[in-house]
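Any read-out appearing in this document is the output of simple, stated calculations on the displayed coordinates, not a laboratory observation. Just so you know, these numbers come straight off a predicted model, no measurement behind them. Note that each Cβ is placed from the backbone with ideal geometry, even for glycine, and that neighbours are counted across all protein chains shown.
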Amino acid sequence: MTCPRPGAVPPAPRRPRVITWYGRATGRWWALVPWPSAPHGALLVEAPDRGVLDEHVAHLLAALRSRAGVP
């Protein structure tokens, strides 16, 4: 994937129902992960780079699947 302009940050990997973005002001990666037991139905996750964010999101989604009994 190429960035549309110099210095732009490519988008994070997409996952169904997970919203991800790069915070230009914070310099961090963010994601809203659906989480039914959270007060607002989602968890806000942040990480220093896309790889770490993807690991956090994958871990949370695996935990959510195990709670729901989905393989």
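Ranking of R17, R28 by neighbouring Cβ atoms within 10 Å, starting from the fewest: R17, R28.
Measuring from a point 7 Å past the Cα of W30 along Cα-to-C-beta, which residues in segment 51-67 have an amide N at less than 14 Å? The answer is none, because no backbone nitrogen lies closer than 14 Å to the label point.
Percent relative contact order of segment 19-68, based on C-alpha pairs within less than 8 angstrom and at least six residues apart?
On the way: 61 pairs, mean separation 13.7, N = 50.
RCO, segment 19-68: 27 percent.
By the count of other C-beta atoms within 10 Å, a proxy for reagent exposure, D54, D49 are ordered fewest to most as D49, D54.
As an exercise, take the mean of 1/r over every pair of distinct alpha carbons in segment 19-68, invert it, and state the Kirkwood radius in angstroms. The partial results should precede the final answer.
On the way: mean 1/r = 0.0891 Å⁻¹.
Kirkwood radius, segment 19-68: 11.2 Å.
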